[in-house]
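The values are calculated or read from the model by the stated rules, or taken from the named source; none is laboratory data. None of the values given here were measured: they were computed from a predicted structure. Don't worry about glycine lacking a Cβ; one is built from the backbone with ideal geometry, like all the others, and counts go over all protein chains shown.
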Amino acid sequence: MKKQLLRWAKLLVLLYCIVGIAWYYGQNKLIFHPVPVRRQATWSFGRPFKELNIPYDTATNINVIQFTATDRPKDSTAKGVVLFFHGSSGNIEDYSPVADGITPKGYEIWMIDYPGYGKSSGPVSEKILYRNALLFYKLARSRWQPGQIILYGKGLGTGIAAQLASVRDCRRLILESPYFSLTSLFRRYLFMYPVSQMLHFHLPTNEYLPDVSAPVTIFHGDDDRTIPYGNSARLKPLLKRKDEFITIPGGGHNDLHSFPFFRQKLDSLLSL
């Protein structure tokens, strides 16, 4: 009996080690789901845009797409810009329909691809994600004042947007389907491991929100199967008095823009 228990204990320890090692070395594939595009490829979005390729160094290219405002007087400038940080899957092409709800309000919307996504290249780390976001912001500041810049993050991009808003001024921070932190998300499934020490990416939205002086609006669907609603709801106590946490009943992770209530509320934010 003792030998059998010892055999099972060894098997469990071995399984624990195998799963832990596999997760540690494979975690980037669990977090990032990029769709790369050849540098020579031509984007086709069906709406007016400009493309920028920013060569940071010999290994790094940062691809930015600028969708121009459609509802503004001729020869006038847009009233501001929305800097959009997308989710973990695909590339800018998958998120370009978001522009349909932004550009008619007189705002441009700029989107950035993370390293390995679309035409962006180079190594990826949490520090690099923040660095590229800051370069993105500085590019916008060459044309607009902070009071004309809205930071908008979706899914994975919410932690990046929150970090940027904590160190730079903006008109508003919008977070669509955010997480408390990546650590908290992984700990839910891997509670038996020292997740905080093993993770390469933490993106602690909870640590950044208290340092955001701009108004914050959070949208989250209560049927989100990717980032659980309850994980996002943990951010509520960190919001300022005039910040908003807006629940979309029945909303999932990728369909909030199909809900009239979501579109109405976003329209009102862009009209302020």
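Points to keep in mind about this one:
- Any hit, segment 53-66, residues being without any contact (Cβ under 8 Å) to a residue 24 or more places away in the chain, part of a strand (DSSP E or B) and either of a type outside the set (Lys, Arg) or within 24 Å of HIS253 (Cβ to Cβ) (or both): yes
- Among the residues of segment 132-159, those identified as among the aliphatic types (A, V, I, L, M) and surrounded by fewer than 18 Cβ atoms within 10 Å (Cβ to Cβ) are LEU134, LEU135.
- Residues of segment 64-79 that turn out to be modelled with pLDDT under 95 and surrounded by 20 or more Cβ atoms within 10 Å (Cβ to Cβ), as a count: 2
- Considering segment 53-63, and only residues there that are at pLDDT below 95 and among the hydrophobic types (A, V, I, L, M, F, W, C), the residue that is surrounded by the most Cβ atoms within 10 Å (Cβ to Cβ) turns out to be ILE54.
- Take the conditions (1) at pLDDT below 95; (2) touching a Pro at 6+ places or on another chain (Cβ under 8 Å); (3) assigned to a helix (DSSP H, G or I); ARG187 misses just one of them, which is (2).
- Of all residues in segment 190-237, those that are surrounded by 19 or more Cβ atoms within 10 Å (Cβ to Cβ), aliphatic (A, V, I, L, M) and outside any loop (DSSP other than H, G, I, E, B) total 4.
- Scanning segment 80-97 for residues that are more than 14 Å from TRP43 (Cβ to Cβ) and surrounded by 21 or more Cβ atoms within 10 Å (Cβ to Cβ) yields GLY80, VAL81, VAL82, LEU83, PHE84, PHE85, HIS86.
Residues checked against (1) small (Gly, Ala, Ser); (2) on the phi > 0 side of the Ramachandran plot:
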{"site": "GLN145", "(1), (2)": "no, no"}
{"site": "GLY153", "(1), (2)": "yes, no"}
{"site": "GLY159", "(1), (2)": "yes, no"}
{"site": "CYS170", "(1), (2)": "no, no"}
{"site": "ARG187", "(1), (2)": "no, no"}
{"site": "MET198", "(1), (2)": "no, no"}
{"site": "LEU203", "(1), (2)": "no, yes"}
{"site": "GLU207", "(1), (2)": "no, no"}
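- Residue that is farthest from the chain's Cα centre (by Cα) [pool: residues in segment 7-26 that are surrounded by fewer than 14 Cβ atoms within 10 Å (Cβ to Cβ) and in contact (Cβ under 8 Å) with a residue 40 or more places away in the chain]: TYR16
- Going through (1) under 19 Å from ASN132 (Cα atoms); (2) within 18 Å of the chain's Cα centre (by Cα); (3) free of Cβ contacts under 8 Å to residues at least 60 places away in the same chain one by one, LYS29 falls short only on (1).
- Within segment 113-127, residues that are buried (at least 17 other Cβ atoms within 10 Å of the Cβ) reach partners that are part of a helix (DSSP H, G or I) and at pLDDT below 95 with beta carbons closer than 8 Å, at six or more positions or on different chains, in the pairs VAL124/ASN28.
- Scanning segment 173-210 for residues being farther than 13 Å from LEU239 by Cβ, in contact with a Ser or Thr (Cβ under 9 Å, 6 or more places away or on another chain), in contact (Cβ under 8 Å) with a residue 24 or more places away in the chain and not hydrophobic (A, V, I, L, M, F, W, C) gives a total of 8.
- Filter pass, ASN63 being of a type in the set (S, T, N, Q) and farther than 30 Å from PHE186 by Cβ: no
- Residue that is farthest from GLU126 (Cα to Cα), among those in segment 1-38 that are modelled with pLDDT of 90 or more and in a loop (DSSP other than H, G, I, E, B): ARG38
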